[in-house]
1. Using θ = phi - 60° and the Karplus form 6.51 cos²θ - 1.76 cosθ + 1.60, what ³J(HN,Hα) does each residue of region 84-96 get, whole Hz, x for Gly and Pro?
2. When a/c is below 1.5 the answer is rounded, else prolate if a/b is larger than b/c, else oblate, so apply that to region 48-160 with a ≥ b ≥ c taken from the square roots of the Cα gyration tensor eigenvalues.
3. Can you tell me how region 71-110 classifies by the Cα gyration tensor, rounded, prolate or oblate, using a/c under 1.5 as the rounded cut?
4. Output the peptides 128-138, 59-69 sorted from most to least packed, where packing is the average of other Cβ atoms within 10 Å over each peptide's residues.
5. What is the extension gain from ALA142 to ALA108, computed as 0.36 nm multiplied by their sequence separation minus the C-alpha to C-alpha distance, in nm to one decimal?
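Rule-based calculations on the coordinates, nothing more; no lab input. Just so we're clear, the structure is a prediction, and the values are computed from it rather than from any experiment. Cβ atoms come from the backbone with ideal geometry, glycine included; neighbour counts cover every protein chain shown.
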Amino acid sequence: MTSLFPLSRARHFGAVLLLGAAAAPACAVPAMDMRLDDLVAMAPDFRQELKLNPNQQTLWQQVEAKTRHLLRERQARRERLDAALKLGLAAPKVELRELVGGLDAETAAGAAEEQQVRQWWLTVNDALDEPQRLAAAAFLAAQLLRVQDAAAAHGAEPRRKAEGGERGHGGRKGGAGQPGS
């Protein structure tokens with residue numbers, strides 16, 4: 001196996017464990033797999049569907065701008081963390097406990113940001129009228145189904161027996177298409 005860094009087997013194993021722990025949230029339930037940046041990318045089109053009044057439009061634009069700014073800051077922070085991890089793992093005497101601190105800090109920062117963004121968008125939701133709220137809920141439900149379908153297509157099949165349906169194991173495999181489109 002070729003690597004960016006010439007690591008001994010022990011250091012390579014440590015790196016895999018460290019980074020594997022960071023990837024653990026990727027095995028979460030489909031609702032947790034909904035990505036904020038994907039939803040924000042769809043926001044302008046969805047905003048048109050809602051037919052917002054001028055006040056709602058202003059609030060939406062403010063929240064969307066704040067969300068995009070937060071996502072840019074998060075991306076830059078994570079790129080710095082990745083660079084620091086690569087440097088740390090390349091060090092002759094790597095100390096994994098020190099490297100994990102950065103991951104823990106990023107996890108905490110990400111959780112706080114997610115909560116903040118939810119609050120911002122709940123403020124937008126509060127400003128919507130009832131038909132607009134129903135449309136927003138339907139949009140999120142459709143996105144959740146797409147995430148579930150994508151998870152099933154990649155082998156992380158959600159539990160559907162309790163929902164009255166069951167997918168066989170032979171269905172779609174691989175590919176990152178647009179399930180549920």
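1. So the J values, rounded to whole Hz, are 5, 5, 4, 5, x, 6, 7, 5, x, 10, 6, 10, 4.
2. On the way: a/c = 3.39, a/b = 1.74, b/c = 1.95.
Cα axes put region 48-160 in the oblate bin.
3. On the way: a/c = 5.68, a/b = 1.72, b/c = 3.31.
Note, shape of region 71-110 comes out oblate.
4. On the way: 128-138: 13.2, 59-69: 15.3.
Order by mean packing, descending: 59-69, 128-138.
5. Values: separation 34, 0.36 × 34 = 12.24 nm, distance 2.86 nm.
Full extension from ALA142 to ALA108 adds 9.4 nm.
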